[in-house]
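Structure, as C-alpha cells:
FYI, it's all coordinate maths here, none of it is from the lab. Being a predicted model, the structure only gives us computed values, none of them experimental. Note that each Cβ is placed from the backbone with ideal geometry, even for glycine, and that neighbours are counted across all protein chains shown.
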Amino acid sequence: MTFVETLEPQALWKHFDRLLTIPRGSKEEDEARAYVTGRADALGLEYDVDDTGNVVVRKGGTPGHEDAPITILQGHLDMVNEKNSDVEHDFSKDPIQPERDGDYLMAKGTTLGSDNGIGVAAMLALMESDDVAHGPLELLFTVDEETGLTGAGGLDGSMLQGRRLLNLDSEEEGTVTVGCAGGGDDSLTLPLETEAVPDGSVALRLRVHGMRGGHSGIDIHLKRSNAVKVLGRIVHAAAATPLRLAAFRGGNKHNAIPREADAVVVVPADDRDTVAGALDEEFAAAKAEHRTTDPDMSLSVEDADVPDRAWTPDTTHTAFALIEALPHGVIMMSPDIPGLVETSTNLATVVMEDDAMVIGTSSRSSVASALTALRRRIRATGVLAGAEVEAHGGYPGWEPDLDSALLATFKEVHARVVGSEPEVMAIHAGLECGIIGEKVPGMDMISFGPTIENPHSPDERVHIASVERFHDLLTTLLEELAR
C-alpha cells in the first residue's frame with residue numbers, strides 16, 4: 001500500500017490504493033471483479049455476475065429507509081493502459097506508481113486509472129459504510145467500458161430492479177451530465193505491395209512524439225495534434241523525392257488521440273539529406289501550427305538498417321494519401337448547446353498486419369444521422385484508396401431529460417453541499433448511461449464525479465480535494481434519496 005490510503009476520505013482512498021495494484025485493463029478485469037466480489041462476500045452482501053462479467057452487488061437500506069426506492073450506483077472496472085515510451089511498465093503485473101503533484105494525484109509515466117477507479121472506490125466504500133443513511137442500493141460494476149462500452153452492451157438488464165441511476169464516471173467537478181454522444185469504430189485495411197529494396201538505398205527511422213494526446217471525445221475540441229496525421233503529412237510532403245515506406249505504426253487506443261508515431265523509409269543514398277531536410281521543413285511548419293496546443297512535439301530522424309523489402313512507390317503514395325485524406329477532429333459543433341461538440345472523429349491507430357496497413361478510426365455524434373453520414377464518408381475515402389472497410393458495432397447516445405426528478409434532487413443537494421447549482425451539461429463521449437437506458441426502459445439517470453484531467457494519457461491526474469467533495473456530495477444525495 002502507498003501514501004494514497006492516508007488521503008481523505010480514507011474509506012474511499014484505501015480502495016483506490018488497492019486498485020492501483022490490480023491489473024484492470026479493458027478485457028482484463030478478472031482480478032478487479034474478484035476484489036469486488038470478495039469484499040461483498042466478506043460483508044455478507046448478495047451479488048450477481050452476468051455472462052459478460054458485470055457485477056451487481058445489493059445492499060439493503062439502512063434502518064428506517066428499507067422501503068425507499070432503489071438507487072443504482074454505476075462505474076466501470078477497467079482502465080486505459082497508456083504509458084510514455086521511455087517508461088518500463090507491464091500493466092499485466094506491475095502496480096501503478098502514484099505520486100503527488102501539489103493538489104493532484106498522478107502516476108509515474110503511466111495512466112493513473114482514476115477514470116473510473118475513483119467511482120469504483122466510492123462504491124466499495126459505500127458497500128462497507130455503516131454511517132451513511134441510504135435506501136436499498138444496487139451497485140453495478142461494469143467491464144470493458146474503454147474499448148467501446150461492450151460491458152454495458154452485454155449487460156443482463158434483468159439484474160437491475162431500480163429505476164434511478166447515479167453514474168460516477170464524470171470528470172468535472174461542479175457539473176452534472178445528463179446526455180452523451182453515440183459512437184462507432186471503423187477499420188480500413190489497405191493491401192500493401194512490396195518489392196526488393198534497390199541497391200544503393202539507405203533507411204531512415206522517423207519518430208514524432210511529445211504530443212499531448214488525450215481523450216478522443218472530451219479533448220477533441222482542443223485541437224491537439226494527432227501524431228499519425230503529423231507523420232503522414234511530413235512523409236507525404238517529402239515524397240517529391242522518391243521514397244519507399246518499410247514500416248509505420250502510430251496510436252494505441254481507439255479512444256485516445258495518438259501521441260506518438262514512427263516509420264521507416266527507404267531512399268536513394270544520394271537523396272538522404274534532401275529527404276531529411278524536407279521532413280524537417282514540413283515538421284517545422286506543423287509544429288508552428290500547434291505551438292500552443294503541443295509545444296513539446298518533436299521529430300527525430302535517424303539512420304537505420306536497410307530492410308530487404310519495402311513498399312512500392314505507388315503503394316507508399318496511396319497509403320499516405322489515405323492518411324492525409326481521412327478526417328480527424330471536430331466535424332460539427334452543436335447549434336443548440338454552446339460549446340458542445342456535436343460530431344467528431346479520431347484517426348486513432350495505424351498498425352501493420354500481414355502485408356497490409358490497418359487504420360482504426362473512432363467517430364462520435366449526439367445526432368444519429370450525422371454519425372451515420374460521417375462513417376459513410378470514412379468508408380468512401382477508404383474505398384477510393386482500395387482499402388477494405390469494416391464497421392464495428394456502435395453504441396447509442398443518451399438524450400437529456402431536463403425535467404428529470406433525479407436531476408432536480410441533485411441540483412438541490414449540490415446547492416446545499418457545494419453552495420452553488422451545478423452546470424447541467426451533455427458530454428461528447430460515450431457513457432454507459434445510453435446503453436443502460438436502452439436496456440432498462442424508464443431509467444432516470446445523471447452522471448457526476450470529481451475533477452480528473454487528461455484521462456487516457458500518462459498526464460492523467462485527479463484533484464485530491466475534489467474527491468472528498470465528490471464523496472460528500474454522493475453520500476448527502478443518497479441520504480436525500482432515502483427520504
Cross-link pairs beyond the 25 Å C-alpha cut-off, checked among 27/59; 27/83; 83/223: 27/59
Quick check: residue separation of residue 308 and residue 86 times 0.36 nm, minus the Cα distance between them. What number comes out in nm? 77.1 nm
Charge dipole of the chain built from unit charges on the beta carbon (Lys, Arg +1; Asp, Glu -1), centred at mean Cα; most positive-end Cα among 333, 482, 448 is 333
Projected-area mean, the chain, by convex hull of Cα positions, square nanometres: 22.9
Taking r as the C-beta separation of residue 66 and residue 156 and R0 as 35 Å, the FRET efficiency to the nearest 0.05 is 0.85
Residues listed by number, the range 214-242, amide nitrogen under 20 Å from residue 334 label point at 7 Å toward C-beta: 215-223
If you find the alpha carbon centre of the range 215-269 and of the range 407-467, how far apart are they in angstrom? 34
How far apart, in nm, are the 7 Å Cα→Cβ label points at residue 380 and residue 21? 5.6
Return the lysines within reach of residue 229: Cα separation strictly under 18 angstrom, same-chain partners fewer than 8 residues apart disregarded; answer none if there are no such residues. 253, 287
Taking the convex hull of the Cα atoms, report for the range 184-391 its projected area averaged over all directions, in nm². 11.1
Rg (one decimal) and Dmax (whole number) from the Cα set of the range 1-44, in Å, equal 11.4, 31
Rounded to 10°, Cα long-axis angle of helix 227-238 versus longest principal axis of the chain: 10
Using a/c under 1.5 as the rounded threshold, could you call the range 406-483 rounded, prolate or oblate? The axes a ≥ b ≥ c are square roots of the C-alpha gyration tensor eigenvalues, and prolate needs a/b larger than b/c, oblate otherwise. oblate
With a cut-off of 8 Å between alpha carbons and a minimum separation of six or more residues, what is the relative contact order of the chain in percent? 23
Dmax and Rg, reported as Rg then Dmax, of the range 1-123 (C-alpha, Å): 15.9, 56
Given a Förster distance of 25 angstrom, what is the FRET efficiency for residue 420 paired with residue 103, based on the Cβ-Cβ distance and rounded to 0.05? 0.80
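What is the packing order of peptides 187-197, 65-75, taking the mean over residues of other C-beta atoms within 10 Å and listing the highest first? Please report the intermediate quantities before stating the final value.
On the way: 187-197: 16.3, 65-75: 19.1.
The packing order, highest mean first, is 65-75, 187-197.
What's the extension gain from residue 285 to residue 408 if we count 0.36 nm per residue and subtract their Cα-Cα distance?
Fully extending the segment from residue 285 to residue 408 adds 39.3 nm.
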Spin-label model distance (nm) - residue 131 vs residue 300, 7 Å beyond Cα toward Cβ: 5.2
Say R0 is 30 Å: what FRET efficiency, to the nearest 0.05, do residue 37 and residue 367 get from their beta-carbon distance? 0.15
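What number, rounded to the nearest 500 deg cm²/dmol, is the helix-based mean residue ellipticity at 222 nm of the chain, given -39500 (n - 2.57) per DSSP H run of at least four residues and division by all its residues? It would help to have the intermediate numbers written out before the result.
Working: 11 runs with 143 residues, N = 483.
It comes out at -9500 deg cm²/dmol, rounded to the nearest 500.
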Test of understanding: what is the full-extension gain from residue 273 to residue 356, defined as 0.36 nm times their sequence separation minus their Cα-Cα distance? 27.0 nm
